[in-house]
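See below for the structure under consideration.
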Amino acid sequence: MARDIEPIRKYFRDCRDAVSFNDLRVAAVSYFETTHVVMSSYMHYPPVGARDFDGQIRVAEFGYPEAWGKTYLNERLYLSDPLARRAMNFTRPYFWSEVSRLPDLTPSEQQYISIVSQQKLGEGIGVPVFGPYGRNGYVALGFGMTERPPGDEVLELQAASQMGHLAYCRLLLRNLPPEINLSAREKEILRWVARGRTNTQIAEVLHLSRNTVETYIRRCFEKLDVNDRVSAALRGMALGMVD
């Protein structure tokens, strides 16, 4: 029997209309109740150079056994979770039961697999999600001890995960400090900086004096709140100013 598509349509509308992170959480929980999902976690990776990058991974979850949820977060097990660590290399959802067959597992990843197997969480999938300016993430959806859902539902869950992530990014970017405004010339010079060109080379390409280029670069540093060329390039890429 074909799945009713109205629940995911409603979820998509709720993601579009959400004005807070709690709206997204409520929408996700409501939608998952129409699927085989009984537990879920979401991780967002702020890109290096972004205004909110601090080396931490944002994690939200619901439905997991309370003790496991606290352990996963407090002991930062997501740093050794093979799917979470490798999600950005995947182009499809991975079933949890496939994890042990991933190549080149590190000792910490193997230990993580051993710890999780003792929790008896059952089957689930890990879904990579992708967003603007390198704001990617990872969604884990657990089905408990029931059998795997049909393939069409897995595809639907992948689409729902991606939609939820994009909605999260929209709200997050809205709530971050005001955008940094670089002039067209500053962006142009920043792009050359990101390509590894020296001040002299940039001056020759743009037919400017070296002193003029240095002045523009100092302005970029000030606006981006950085002190070196590498940090400027990374922040420019994270903000979508460098392609």
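The values are calculated or read from the model by the stated rules, or taken from the named source; none is laboratory data. Please read these numbers as outputs of a predicted model, since none were measured by experiment. Reconstructed Cβ throughout: ideal geometry from the backbone, glycine too, with neighbour counts over all protein chains shown. SASA here: full protein model, heavy atoms, side chains in, ligands and nucleic acids out. Shrake-Rupley method; radii C 1.70, N 1.55, O 1.52, S 1.80 Å.
Here are a few things to note about the model shown:
- Residue match in segment 166-185 (condition: open to solvent by 10 Å² or more (accessible area, probe 1.4 Å), in a helix (DSSP H, G or I), under 30 Å from L121 (Cα atoms) and modelled with pLDDT of 90 or more): yes
- Matching residues in segment 212-243 - criterion: being touching a Lys or Arg at 6+ places or on another chain (Cβ under 9 Å), in contact (Cβ under 8 Å) with a residue 40 or more places away in the chain and either within 9 Å of L190 (Cβ to Cβ) or not acidic (D, E) (or both): L224, A233, R235, G236, A238, L239, M241, V242
- Residue-level analysis places R191 outside the set of residues that are open to solvent by 80 Å² or more (accessible area, probe 1.4 Å) and either of a type in the set (D, E, K, R) or under 16 Å from the mean Cα position of the chain (by Cα) (or both).
- A search for C-beta distances below 7 Å between a residue of segment 184-198 that is closer than 11 Å to G236 by Cβ and any residue that is of a type in the set (S, T, Y) and surrounded by 15 or more Cβ atoms within 10 Å (Cβ to Cβ), counting only pairs 6+ apart in sequence or on different chains, returns E186/Y216; I189/Y216.
- Residues that are touching a residue at least 24 places away in the same chain (Cβ under 8 Å) and in contact with a Phe, Trp or Tyr (Cβ under 9 Å, 6 or more places away or on another chain) within segment 1-11 comprise P7, I8, Y11, listed in sequence order.
- Selected residue (criterion: most open to solvent (accessible area, probe 1.4 Å)) from residues of segment 146-159 that are under 18 Å from R16 (Cα atoms) and in contact with a Ser or Thr (Cβ under 8 Å, 6 or more places away or on another chain): E156
- Failed condition for F143, given (1) among the hydrophobic types (A, V, I, L, M, F, W, C); (2) in contact with a helix residue (DSSP H, G or I) (Cβ under 7 Å, 6 or more places away or on another chain); (3) open to solvent by less than 20 Å² (accessible area, probe 1.4 Å): (2)
- Number of residues in segment 197-240 that are open to solvent by less than 50 Å² (accessible area, probe 1.4 Å), of a type in the set (A, V, I, L, M) and either modelled with pLDDT under 90 or under 25 Å from the mean Cα position of the chain (by Cα) (or both) equals 6.
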